[in-house]
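Data first, discussion second: the structure below is written as structure tokens.
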Amino acid sequence: MNSDLNQDSGGAGLVVGLDAGGTRTRAVLAAAADGRSLGEGAAGPGNALTVPVPQLTEHLTEAVAAAVPESARGRVVAVAGGFAGATAASPDEPGHVNARAALADALRRLGIVTPSPVICSDIEAAFASAPGAPADGLALVAGTGAVAMRITDRRATTTVDGDGWLLGDDGSGFWIGRAAVRAALRMADGRGPETVLADAVGRALGLPGDVLPYDDWTRARREAYRMHLLPAVMAEPPIRLARFAPLVAEAARDKDAVAEAILDEAADRLAETVRALNPQESERIVATGGLLGPEGPLTTPLTSRLHTLGLTLDWVADGCRGAVALARLSYGGRSR
């Protein structure tokens, strides 16, 4: 049990905030009075559209159980969850229905009795994670995927992109990783310029050393490179291409021209996504995702592009703080 919770007064109310994303589910236990974090738990994926409800229920149960000691479960007064695949604005859509059912079952199993939990998207929760738990503005996610939303009264009212690896997610980690592999193939077959990405991608895929680029990269070895690379890429789910995005960031830091061009275009694509929301000058834009964090490879180029629109990025790590804020608001407490 968290030591802060040990020291907390026995009758004080508690809230639970959940950030259920595509790779993991996080739960945070906090004081209802001031939002102070008192415990955390984590479990598997929480996408309400792609994770079957029984499995989603298990993940939610595991995360909340780790965050909330059994002795404190009777003190929980409100719960809010931000789920990938769900949205606050559409309670009848499958993702929202699945999230609500799974969370209700998980809380029931743990003996946590509260009014109806708040269900929203992980992006709506991330937006509320910004200082002051804002209710209106713009949200941008740039991680494995990419999507921008206009948030009004804490609900997404307009969505741009987020269309998945096949149809969209322009400027995302997947988009960047795919561009890296394309650049490697173009160098190998003679259509594109030299780039260290050919070597980096080949090594990441475990290609034989004698087919990798070096000073005497003959046509025969280039063909062998292609013959090994293509099956290695096709053997994995397409979304796995996102794992090559860090290779592009590293190559760009070393001034590889092809890698720099990929990141520049990715920043252009994200800026285009934001512009489609018709932002007003000085309007708040909250960003999350690894590409836009303090060390994110797109933070500087995108910040520069958005500056021309009068916008400044306000980065948050995830939706946990926002989910806690939404739980506190639903209980009637102050958001911060």
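Overview of results
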{"quantity": "Fraction of accessible area attributable to carbon and sulfur, the chain (%, probe 1.4 Å)", "calculated": "51 percent"}
{"quantity": "Heavy atoms of Cys320: accessible area, 1.4 Å probe, square angstrom to 10", "calculated": "10 Å²"}
{"quantity": "Degrees, to the nearest 10: 320-331 long Cα axis against longest axis of the chain", "calculated": "30 degrees"}
{"quantity": "Part-to-part distance (alpha-carbon centres) for the stretch 82-130 and the stretch 210-268, which is given in Å", "calculated": "39 Å"}
{"quantity": "Rounded to 5, percent antiparallel among DSSP beta bridges of the chain", "calculated": "60 percent"}
{"quantity": "Global geometry of the chain, whether rounded, prolate or oblate, following the gyration tensor of its Cα atoms and the 1.5 cut on a/c", "calculated": "prolate"}
{"quantity": "Loop sites in the stretch 141-234: trypsin sites (Lys or Arg not before Pro), DSSP, at most 16 other Cβ within 10 Å", "calculated": "Arg191"}
{"quantity": "Signed unit charges on C-beta, dipole axis of the stretch 1-127, positive-most listed residue Pro52, Ala65, Ala126", "calculated": "Ala65"}
{"quantity": "Computed FRET value (nearest 0.05) for Glu295 with Ala66, which takes r as the C-beta separation and R₀ as 35 Å", "calculated": "0.80"}
{"quantity": "Listed residues His228, His96 arranged by accessible area, highest first, probe 1.4 Å", "calculated": "His228, His96"}
{"quantity": "Hydrodynamic radius of the stretch 216-313 per Kirkwood, over alpha carbon pairs, in Å", "calculated": "15.8 Å"}
{"quantity": "Degrees separating the helix 94-110 axis from the principal Cα axis of the chain, which is the longest one", "calculated": "50 degrees"}
{"quantity": "Contour excess over end-to-end distance, with Cα ends at Leu167 and Glu272 and 0.36 nm allotted per residue", "calculated": "36.2 nm"}
{"quantity": "Rounded accessible area per residue of the stretch 1-150, 1.4 Å, Å²", "calculated": "37 Å²"}
{"quantity": "Folded to 0 to 90 degrees: helix 257-275 orientation relative to the chain principal axis, Cα", "calculated": "40 degrees"}
{"quantity": "Karplus 3J(HN,Hα) series, Hz, for the stretch 61-78 with 6.51 cos²θ - 1.76 cosθ + 1.60 (x for Gly, Pro)", "calculated": "4, 5, 5, 5, 4, 5, 7, 10, x, 4, 5, 9, 5, x, 9, 6, 10, 7"}
{"quantity": "Phi to ³J(HN,Hα) by Karplus 6.51 cos²θ - 1.76 cosθ + 1.60 over the stretch 43-57, Hz, x for Gly, Pro", "calculated": "7, x, x, x, 5, 6, 9, 9, 8, x, 3, x, 5, 4, 4"}
{"quantity": "Residue-normalised accessible area of the stretch 293-335, expressed per residue, 1.4 Å probe, Å²", "calculated": "50 Å²"}
{"quantity": "Approximate spin-label separation Glu194-Gln280, in nm, with each point projected 7 Å along Cα-to-Cβ", "calculated": "5.3 nm"}
{"quantity": "Heavy-atom accessible area order for Met234, Met149, largest first, 1.4 Å probe", "calculated": "Met234, Met149"}
{"quantity": "Förster radius 51 Å - calculated FRET efficiency between Ala12 and Asp264, Cβ distance, rounded to 0.05", "calculated": "0.50"}
{"quantity": "Where the Cα pairs of the stretch 37-180 fall when distances are cut into 5 Å bins, in %", "calculated": "2, 10, 17, 20, 19, 17, 10, 4, 2, 1, 0"}
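The values are calculated or read from the model by the stated rules, or taken from the named source; none is laboratory data. Every value quoted in this text rests on a predicted model; they were computed, and no experiment measured them. Reconstructed Cβ throughout: ideal geometry from the backbone, glycine too, with neighbour counts over all protein chains shown. Ligands, DNA and RNA are excluded from the accessible area calculation, which covers all protein heavy atoms including side chains. Shrake-Rupley method; radii C 1.70, N 1.55, O 1.52, S 1.80 Å.
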